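Contents: one structure, followed by commentary.
Here, each number is a calculation from the coordinates, and none is a lab measurement. None of the values given here were measured: they were computed from a predicted structure. Please note: Cβ atoms are built from the backbone with ideal geometry, for glycine as well, and neighbour counts cover all protein chains shown.
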Amino acid sequence: MGDFSFDGMKKDIIAAGGLFYQYRPCRRDASTIYDIENIRHGVVYAQTPLNMNDPFDSMIGFSTERVYEECIEIIVNDLETDESIKTLIKYLLKYKLVGKIAELINSLNSLKKFLIKERHILHGEKIPFDTFLTRNQKHLYKNMPRTLKQHFDTTSMLVWGSIVANFGNVEIDETQLMSALQLDDGLTELHDQIVKISDGYFLKLKEILSKTTISCFSVSGWNNQLMWSHYANSYAGICVEYDLSELRDNIGFVYPVNYLAKRPTVSLKDFGITTFQVDENGVLKTDDANPEVIISHLLAKNQCWKYEEEWRIINFGRVPFAPKFITMPRIKSITFGPKIDLFCKKLLWDISRENKIDCYDLRLKPDSYTVERVLLDEAQFPFDMDEEAQYISSLMDMIVALSEKIEENAKCYIESCKNGNIQYSYMLQVLQQALDLMSNAYFLKATINRMCEHAPDETLEESQRAEILKVDSIILEAEKQVPVIRDETQKSFEVGLIQFTDFISTQVHLNNIQELVEKYKTLPWNSTITGEK
């Protein structure tokens with residue numbers, strides 16, 4: 001990781017070539033609408049790693065066992081007792097926390113039998129057991145079975161050897177061991193303290209990740225065929241080229257990804273947990289997390305993805321799960337995949353023309369396994385009134401059909417509530433269909449605007465304009481219903497009428513609907529439709 005300063009980061013960006021690329025799918029859906037509007041407004045979307053599809057992508061690696069070991073160190077090192085007792089307690093806590101105390105007991109019985117046998121072989125019965133262990137430490141550990149070496153090192157062998165010797169031929173069990181060590185209640189108390197620390201760690205980890213946003217780029221160029229296949233809907237998407245060498249303002253921490261064979265894991269100290277102290281509410285007190293360490297973990301990725309040549313923009317916010325829109329330097333170009341949806345391509349061309357963005361077609365070379373791109377101009381985008389009108393008609397038909405389905409499913413849901421047997425699947429269908437309807441409404445608005453721009457002399461009758469503007473009322477009604485449904489869903493979930501998974505699905509749908517409403521509203525109607533001069 002490079003310099004944390006803005007100048008240091010910009011120096012690294014320029015050294016990498018300055019050109020950053022995002023490969024995106026392109027379909028007639030909500031996701032593409034977001035991309036179109038982001039390009040229109042010169043921003044990129046960043047989200048928390050907790051919401052990303054890939055369970056490994058941008059997630060901080062952690063080891064539960066390591067967390068427990070660090071918790072044990074924090075607790076046990078503060079105890080006022082000798083080191084040998086601390087060693088015993090650490091062992092017991094470690095095995096107890098991972099649910100393997102029985103495995104430790106079996107190992108102690110095996111250790112006892114081994115030491116008694118070796119003492120007999122070495123004729124050590126006449127000297128104290130501790131003396132025998134100390135004198136023969138190297139020999140004993142060398143000859144100790146491999147299965148025991150998995151549990152004990154040379155030091156712990158001596159400490160535990162002194163304890164198990166007191167049991168003679170008696171089989172050791174957990175109750176006897178705790179009694180002998182006088183840890184019956186103390187170990188449980190220590191165990192509970194460690195669980196509280198580890199719980200605090202996981203809460204801290206989730207809190208930090210929920211307030212972190214990440215946006216991903218590649219510096220591999222516009223011709224990375226694996227990226228086209230994996231991220232651009234198998235050549236049916238786009239590749240957006242940003243020139244970050246023109247960066248003037250700080251947009252976050254911008255660094256390349258580190259591709260590793262072994263996944264790094266964070267420690268308690270990285271998250272500000274160094275002692276066991278709780279506040280008046282019993283919540284674990286922590287210091288500030290180490291941002292440099294957190295960033296280094298957010299930049300770690302499996303080396304199998306090295307072909308991506310990825311960089312990331314990382315920002316830390318204050319509000320959990322709040323998406324961030326990063327204002328970028330100018331978009332230098334957009335490259336269209338050879339299988340891109342033609343209507344999406346037309347919309348992106350119109351936006352690119354408005355914002356002076358170069359557009360290219362990606363083409364597969366017929367004589368090699370390489371690709372090339374060709375600069376596009378207005379001649380490649382002829383306006384076809386019949387084609388546009390046909391598309392508008394199909395969108396209107398789909399909007400009407402979806403409206404009918406929404407009404408039908410809403411009635412079924414209301415009826416199930418009245419009967420006391422809530423069928424929440426109807427509500428989820430309503431929300432998904434509403435999302436599809438608004439996607440179609442956005443594309444309808446964009447298509448009509450495009451038609452009005454290319455054929456300004458075409459006149460619309462008042463009845464046609466009124467019919468088109470009815471779509472606005474549908475969108476506004478959807479906007480009104482979002483907080484109502486959100487509130488009702490929250491109440492239903494709190495009283496157990498709907499399942500947690502359905503509650504989460506509803507929140508996701510409502511967030512997407514709200515986002516689409518905003519995208520629709522920020523796209524103005526052509527003055528031909530509104531009648532404004």
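Some observations on this one:
- Lysine pairs in region 385-530 whose alpha-carbon atoms fall under 23 angstrom of each other, counting only those eight or more residues apart or on distinct chains, come to 18.
- Packing-based ranking of 490-497, 94-101 yields 94-101, 490-497, ordered from highest to lowest mean Cβ neighbour count within 10 Å.
- Structure-based [θ]222 nm, the chain - -39500 (n - 2.57) summed over DSSP H runs of at least 4, per residue, nearest 500: -17500 deg cm²/dmol
- Region 385-530 - Kirkwood radius from inverse mean 1/r over Cα pairs (Å): 16.7 Å
- 20 Å Cα-Cα reach of Lys356 towards lysines, excluding residues that sit fewer than 8 places from it in its own chain: Lys332, Lys345, Lys346
- Computed from Cα positions, the angle between helix 101-121 and the longest principal axis of the chain comes to roughly 30 degrees.
- The protection proxy used here, the mean number of other Cβ atoms lying within 10 Å of each residue, ranks peptides 239-245, 40-46, 361-367 as follows, highest first: 239-245, 40-46, 361-367.
- For region 385-530: relative contact order, % (alpha-carbon pairs under 8 angstrom, 6 or more apart): 31 percent
- For region 383-393, 3J(HN,Hα) per residue [Karplus equation, 6.51 cos²θ - 1.76 cosθ + 1.60, θ = phi - 60°, Hz, x = Gly/Pro]: 8, 10, 4, 4, 5, 5, 5, 5, 5, 4, 4
- Aspartates and glutamates whose Cα lies under 15 Å from that of Lys138, excluding same-chain neighbours fewer than 8 positions away: Glu118, Asp130, Asp153
- Average Cα contact separation per residue, the chain, under 8 Å, 6 or more apart, as relative contact order %: 20 percent
- Placing R0 at 22 angstrom, the Cβ-Cβ distance between Asn169 and Ser110 gives a FRET efficiency of 0.95 after rounding to 0.05.
- Working from label points 7 Å from Cα in the Cα-to-Cβ sense, the Leu342 to Asp7 distance is 5.4 nm.
- Region 79-172: proportion of alpha-carbon pairs further apart than 18 angstrom, %: 44 percent
- With respect to the chain, whose longest principal axis is taken over its alpha-carbon atoms, helix 342-354 is tilted by about 80°.
- Extension gain, Leu181 back to Glu488 (0.36 nm per residue minus Cα-Cα distance, nm): 104.9 nm
- Charge tally in the Cβ shell below 12 Å around Tyr34, where Lys, Arg are +1 and Asp, Glu are -1, Tyr34 excluded: -1
- Zone of Ala410's modelled label, taken as backbone nitrogen in region 424-448 under 20 Å from a point 7 Å along Cα→Cβ: 424-442
- Between Ser394 and Ala15, the modelled labels are 5.1 nm apart [label points 7 Å from Cα along Cα→Cβ].
- Separation in nanometres of the label points that stand 7 Å from Cα toward Cβ, at Phe383 and Thr530: 2.0 nm
- Relative contact order of region 79-172, pairs being alpha-carbon contacts under 8 Å that are 6 or more residues apart, as %: 38 percent
- Only one residue of Asn449, Leu523, Val430 has its Cα farthest out toward the positive end of the dipole of the chain, where Lys and Arg carry +1 and Asp and Glu -1 on Cβ, and that residue is Val430.
- Percent of beta bridges antiparallel (DSSP, the chain, rounded to nearest 5): 85 percent
- For the chain: span of alpha carbons on each principal axis (Å, largest first): 113, 65, 45
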